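Student: I have a structure I would like to understand better, so I am pasting it below and will then ask my questions one at a time.
The values are calculated or read from the model by the stated rules, or taken from the named source; none is laboratory data. Just so we're clear, the structure is a prediction, and the values are computed from it rather than from any experiment. To get the accessible areas, we keep the full protein, side chains included, count just its heavy atoms, and leave off ligands, DNA and RNA. Shrake-Rupley method; radii C 1.70, N 1.55, O 1.52, S 1.80 Å.
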Amino acid sequence: MKKQDLVKRILGVTLSAMVLTANQPYQIFAQGDNTALEQVPGSVPNVETQKPPKATGTVYYVDSNAEKGGDGTKEKPFKTLDEVNKITLQPGDGISLKCGSIFDNQRLYPKGKGTEENPIIIDTYGEGDRPVINAGGFKQTGGKNEDGTPEYSGYKEAVLIENMEYVWVT
């Protein structure tokens, strides 16, 4: 696909998303110090600033540079996102990704539901650049499945949050 066609496609999707969401009633929370953010009329719904809550339950730590066989604690973090994806999070639990981590050919796909009082928190820890999740894209491998259909590998999305309630991502 030509670069120009790709830019047109991305622009079209972006504009479509803006049109579809322009009149939807929802709140946007911005992480900050509880000071009001300036709103440009007609561009974004009302914005509230609110400090993100702290996890009150178990926090599972993930560091792409950790040793294999970690237990998800800060001292022995998981090495891959797949390890934390297998856990069903409870209200107040959290996932904390180590700054500087790069998760290649992986996706974050948490499960579980928080509550209004005890949301699930997804955040970072440590110093350095924010963690990077390179999903790798959804590509044909060239192989065939048993039924003859093309075989695919990889992920379309780097972070997939579905069927969850009360989740904060900071």
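Student: Find the residue count for segment 156-170, including only residues that are open to solvent by 60 Å² or more (accessible area, probe 1.4 Å) and closer than 27 Å to K74 by Cα.
Tutor: The qualifying residues number 7.
Student: Shifting gears a bit: Mind counting the residues in segment 110-126 that are under 14 Å from the mean Cα position of the chain (by Cα) and open to solvent by 60 Å² or more (accessible area, probe 1.4 Å)?
Tutor: Adding up the residues that qualify gives 1.
Student: Sort out which residues of segment 130-141 are within 16 Å of the chain's Cα centre (by Cα) and open to solvent by 50 Å² or more (accessible area, probe 1.4 Å), and write them in order of number. Talk me through it step by step, then tell me what you get.
Tutor: The first filter runs over segment 130-141 and keeps only residues within 16 Å of the chain's Cα centre (by Cα), leaving 130-137.
If the condition is that a residue be within 16 Å of the chain's Cα centre (by Cα) and open to solvent by 50 Å² or more (accessible area, probe 1.4 Å), then R130, V132, N134 are the ones that fit.
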